[in-house]
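K.L.:
One structure is given below, represented as structure tokens, and several questions about it will come after.
The values are calculated or read from the model by the stated rules, or taken from the named source; none is laboratory data. Only a predicted model underlies this, so the values are computations on that prediction, with no experimental measurement involved. Cβ atoms come from the backbone with ideal geometry, glycine included; neighbour counts cover every protein chain shown. Heavy atoms of the whole protein, side chains included, go into the accessibility calculation; ligands, DNA and RNA do not. Shrake-Rupley method; radii C 1.70, N 1.55, O 1.52, S 1.80 Å.
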Amino acid sequence: MPDLWAGRFEKGLDPRIRAFTSSLELDRRIALIDVRGSIAHARMLGRQGIVGKAEADAIVAGLERIAGDMQRGTFPWPADAEDVHSAVERVLRERIGEVAGKLHTARSRNDQVALDLRLLVLELLDALDAAVLALATALLDRAGEEVETVMPGYTHTQRAQPVSLAHHFLAHVEALRRDRERVKEARDRAAVSPLGAAALAGSPYPIDPAAAADELGLRATFRNSIDAVSDRDFVVELVFVAALAAVHASRLADEVVLWTTSEFAFAEVSDEHATGSSIMPQKKNADVAELVRGRAGRAIGDLVAVLTILKGIPLAYDSDLQEQRAPLYDAAAVAPAIEALALVIRGVRLDRERMRAATERGMLTATDLADHLARAGVPFREAHQVVGRIVRERLGKGMDLAGLTLDELRAYDRRFGPSALEEIAAERSMAARRSPGGTAPERVHEALAEAHAAFDDRRPPGAQTEAPQRRGRAPGPEGGVPPTEGRNE
Ligand code: ARG
């Protein structure tokens, strides 16, 4: 079969060049979505009288059969087709005859592929959201058991002040909640149909882009036909949101690696989630966490790739855009990594004793001693100096804050009162930080309740909340938001 554009050319394409320009392999990932888009387009053509009613019906029936074949894995992919668009059209023509050629009326591969990618991005955003939700709820569930668990909080990876382990877990949850907001916003901007922009200038036919958008579950249609086929912001946004969620997961993963070392020994990964060594029988490695860290690096690379491909290309469509597919598809690997980390978090054994013991060494409550003096009216700067001297001299004697007597304290500064020694117990220090968003157990209980309420609907933001009112249903996976009346964004 000749190429889609063969009329204009005297010679056929060099097979080596076809192999280079073809997107057929890349297109397998979007093939079913592409057919869904074609069905919506064909229905619109029929409703608008752009093709005959019977013709539109024949095209839709043929496309539905193709969609079924694709779902079963029995679609007869033509090996030499340039892309999914020509492959589908060719098989359709074999099955329903020349009327298949009417499908491409009032459409270009430019608006077609832009639509496919938007629908794919919506699916990937939903998968990412489900993964982030799984990790956040795993952390939330673990946090519920650890409100009173005191552990060293760190700055510069140095023991800093005692904090509640639940408070630490909830800090990760906050980042993941922002990731979910970003997914929601990205979803909103991606759910705009470019169909009807055609090559770049729009169409001379009486098309109804809003109806096609509505049928596909997209909330709006494009405002500008040139932008509709040029824009790949939605690709960048997906990869960015994925990369940032991966970075958040990576920071948690890094703590899993650190906390499971013999040096820390705060935690032990469950046997089902750890791997061993082929040579060192004693080894137990937090492989999953390491892979999550590594995958964040990959996702950052994907983000740089999609941005760089976009930066130098003039409006409207350019083939450079096809090169975004590899990093876009690769970014889909973030969601399963985050899901795997969620399993690790659910299974990890936490050593409360080790954590508590770690708060005893390293003078984590030195700030509380300074706060004690400050409460007695000593300027904090001066109090800091006094306690700094205590720390230095204790360190010189190889001692910690533990064992200090009130007389010793008063020898440094007579303004130390009798309660100073109680105030430097780790639990007391933690409980004292009851300012909003602080680590005191009473605040952490509130934070847990707030987070539980926020996650109460454990559905992804794209999931349908009410019965959609659709004119027709395209086959294929649910990827859309509840449709509104098709309108311009
Ligand atoms: N394979 C192309 C892509 O992935 C879609 C076809 C675009 N149109 C064109 N005139 N080459 O972006």
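K.L.:
Go through the stretch 312-321 and give me each residue that's open to solvent by 40 Å² or more (accessible area, probe 1.4 Å) and either within 12 Å of the ligand (Cβ to nearest atom) or among the charged types (D, E, K, R) (or both).
P.N.:
Our first condition is that a residue be open to solvent by 40 Å² or more (accessible area, probe 1.4 Å); within the stretch 312-321, this holds for 312, 314-315, 317, 319-320.
If the condition is that a residue be open to solvent by 40 Å² or more (accessible area, probe 1.4 Å) and either within 12 Å of the ligand (Cβ to nearest atom) or among the charged types (D, E, K, R) (or both), then Tyr317, Ser319, Asp320 are the ones that fit.
K.L.:
Continuing with the same structure: For the stretch 202-235, enumerate the residues that are under 23 Å from Asp320 (Cβ atoms), open to solvent by less than 20 Å² (accessible area, probe 1.4 Å) and among the β-branched types (Val, Ile, Thr).
P.N.:
Across the stretch 202-235, the qualifying residues are Val229, Val235.
K.L.:
If you check Arg16 against the conditions, is it at pLDDT 90 or above and surrounded by fewer than 19 Cβ atoms within 10 Å (Cβ to Cβ)?
P.N.:
It is true that Arg16 is at pLDDT 90 or above and surrounded by fewer than 19 Cβ atoms within 10 Å (Cβ to Cβ).
K.L.:
So which residues in the stretch 141-162 are open to solvent by 70 Å² or more (accessible area, probe 1.4 Å) and either touching a Lys or Arg at 6+ places or on another chain (Cβ under 8 Å) or charged (D, E, K, R) (or both), if there are any at all?
P.N.:
Within the stretch 141-162, Glu145, Glu148, Arg159 qualify.
K.L.:
Hey, another quick one. Asp368 versus (1) at pLDDT below 95; (2) within 16 Å of the ligand (Cβ to nearest atom): which is the lone unmet condition?
P.N.:
(2)
K.L.:
While we're looking at this one, here's another question. Does any residue of the stretch 241-259 turn out to be within 30 Å of His41 (Cβ to Cβ) and outside any loop (DSSP other than H, G, I, E, B)?
P.N.:
There is at least one residue in the stretch 241-259 that is within 30 Å of His41 (Cβ to Cβ) and outside any loop (DSSP other than H, G, I, E, B).
K.L.:
Would a scan of the stretch 293-311 turn up a residue that is surrounded by fewer than 17 Cβ atoms within 10 Å (Cβ to Cβ), modelled with pLDDT of 95 or more and over 23 Å from Phe240 (Cβ atoms)?
P.N.:
no
K.L.:
Taking the condition within 16 Å of the ligand (Cβ to nearest atom) and at pLDDT 90 or above, does Glu64 pass?
P.N.:
Here the answer is no, as Glu64 does not meet what is asked.
K.L.:
Name the residues in the stretch 91-100 that are more than 40 Å from the chain's Cα centre (by Cα) and open to solvent by less than 40 Å² (accessible area, probe 1.4 Å), would you?
P.N.:
Gly97, Val99
K.L.:
Another question about this same structure. Could you count how many residues in the stretch 268-292 are in contact (Cβ under 8 Å) with a residue 60 or more places away in the chain and either part of a helix (DSSP H, G or I) or surrounded by fewer than 19 Cβ atoms within 10 Å (Cβ to Cβ) (or both)?
P.N.:
Of the residues in that region, 4 qualify.
K.L.:
A follow-up question, please. Name the residues in the stretch 33-50 that are away from the ligand (no atom under 16 Å from the Cβ) and surrounded by 21 or more Cβ atoms within 10 Å (Cβ to Cβ), would you?
P.N.:
Correct list: Arg36, Ile39, Ala40, Ala42, Arg43, Met44, Leu45.
K.L.:
Now a separate question. Filter the stretch 67-109 down to residues that are within 15 Å of the ligand (Cβ to nearest atom) and part of a helix (DSSP H, G or I) and give me whichever is nearest to Leu26 (Cα to Cα).
P.N.:
Among them, the one singled out is Val84.
K.L.:
Does Ala431 meet the test of being closer than 30 Å to Ala267 by Cα and open to solvent by 60 Å² or more (accessible area, probe 1.4 Å)?
P.N.:
no
K.L.:
A further question follows. Look at Arg8 and say whether it is of a type in the set (Lys, Arg), at pLDDT below 90 and open to solvent by 80 Å² or more (accessible area, probe 1.4 Å). Break it down stepwise before answering.
P.N.:
Numbers: of a type in the set (Lys, Arg): yes; at pLDDT below 90: yes; open to solvent by 80 Å² or more (accessible area, probe 1.4 Å): yes.
Yes, satisfied.
K.L.:
So which of Leu115, Leu139 is in contact with a Leu (Cβ under 9 Å, 6 or more places away or on another chain), away from the ligand (no atom under 16 Å from the Cβ) and part of a helix (DSSP H, G or I)?
P.N.:
Leu139
K.L.:
Okay, moving on. Just a yes or no: is a residue in the stretch 460-478 at pLDDT 95 or above and among the hydroxyl-bearing types (Ser, Thr, Tyr)? Let's see the steps before the verdict.
P.N.:
Start the filter on the stretch 460-478 by keeping residues that are at pLDDT 95 or above, which leaves none.
So far as the stretch 460-478 goes, no, none of its residues is at pLDDT 95 or above and among the hydroxyl-bearing types (Ser, Thr, Tyr).
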